[in-house]
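J.: I have a structure here, written as structure tokens, and I will follow up with some questions on it.
Read-outs throughout are calculated quantities, based only on the coordinates presented, and are distinct from any laboratory measurement. All of these numbers come straight from a predicted model, not from anything done at the bench. Neighbour counts are summed over all protein chains in view; Cβ atoms, including those assigned to glycine, are modelled from backbone coordinates with ideal geometry.
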Amino acid sequence: MAKATADVQIDPRTLPAISAVAEDFTWQSRHFGRLVAAISRDPRGLNIDSIATTSPAFDLLANGSWWMEQGAPRMRIEVLLTSTDFSAAARALAFRDAIDASKARFAANLWWPGGPSMDVLKTLNGTLHVSLEDGRLRDIEPGAGRMLGLLSVAQLPRRLALDFRDVTDEGLAFSSVRGDFELLAGNAFTQNLLLKGAAVDMGIVGRTGLATEDYDQTIVVSGNPSGPLAVAGALAAGPVIGAGVLVLSQLFKDQLQGLTRAYYHVTGSWAAPVVQRIAAPAGDGAAAGTAEKQRENSP
């Protein structure tokens, strides 16, 4: 708390311009590689004209401002991070090595009160676009995929006791993960996070609490009718939870390739998420058809 207060009290108008080149830049145990930065003075504070880092794991480009606005400092920054080895990038940035991807792209437009700090989750606002290709989510310790709200996806098969061994021995494989997030006061909201894999597709809408470390998500899982979702589709479902199911059914209906669909509500903390099976929306032929086929084939 003292650190955050100190950040807020800094007046960026009193700081000098900066032009810097560093061959191996490290900040708070995070390794960025080669750094080239140009920061100029402005009557309102500082302009971040350009910050560029390059390393074997990832490249980063950023620009923005640190100005006094309405009597208080405010940080605004646009960031583009690209990587051809996201597992190595996560390690370099001191995050859990929980997501493998041969290509990764994160584009963010962020702002928060105060100045540069890694402790801004409670006040972070803005937008984030995520794109990952050809990788897997590792089902490791709780919190692994928390920033993207992917922990619940990675743990879903195990928590439902479904047999996904073909895709989860070494993690949940995917061909792509794409989604947009709105960040508001320490929460990340999405209505289009989509994971596509060889065996299952998953669509997610809802909230990930970055500051409170909790979930409120609705997930649709789509797979082949002969696989484990066929059994899940025939099971009795719980109640429909709010508008999330209807949003899912409309947003993802042309993007989920599987013939079988099951819906879940994920709540609770990152450390102990609660997964509840919920009812498919009326008119969802994929879910209803599966249940009917199970009844027809039963002795």
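J.: Measuring from label point to label point, each 7 Å out along Cα→Cβ, what is the residue 277 to residue 131 span in nm?
T.: Distance between label points: 3.7 nm.
J.: Give me a comma-separated list of calculated 3J(HN,Hα) values for segment 37-53, in order, Karplus coefficients 6.51, -1.76, 1.60 applied at θ = phi - 60°, integers in Hz, x for any Gly or Pro.
T.: Ordered by residue, 3J(HN,Hα) equals 10, 9, 10, 10, 7, 9, x, 8, x, 10, 9, 8, 5, 6, 10, 10, 10 Hz.
J.: Rounded, prolate or oblate, given the Cα gyration tensor of segment 1-110, with a/c below 1.5 counting as rounded? Before the final figure, lay out each step's value.
T.: Numbers: a/c = 2.15, a/b = 1.81, b/c = 1.19.
It is prolate, given that a/c is not under 1.5 and a/b is the larger ratio.
J.: I've got another one for you. Can you compute the FRET efficiency between residue 178 and residue 14 using 1/(1 + (r/R0)^6), with r the Cβ-Cβ distance and R0 = 41 Å? Round to the nearest 0.05.
T.: Numbers: r = 42 Å, r/R0 = 1.03.
Working from the Cβ atoms, E equals 0.45.
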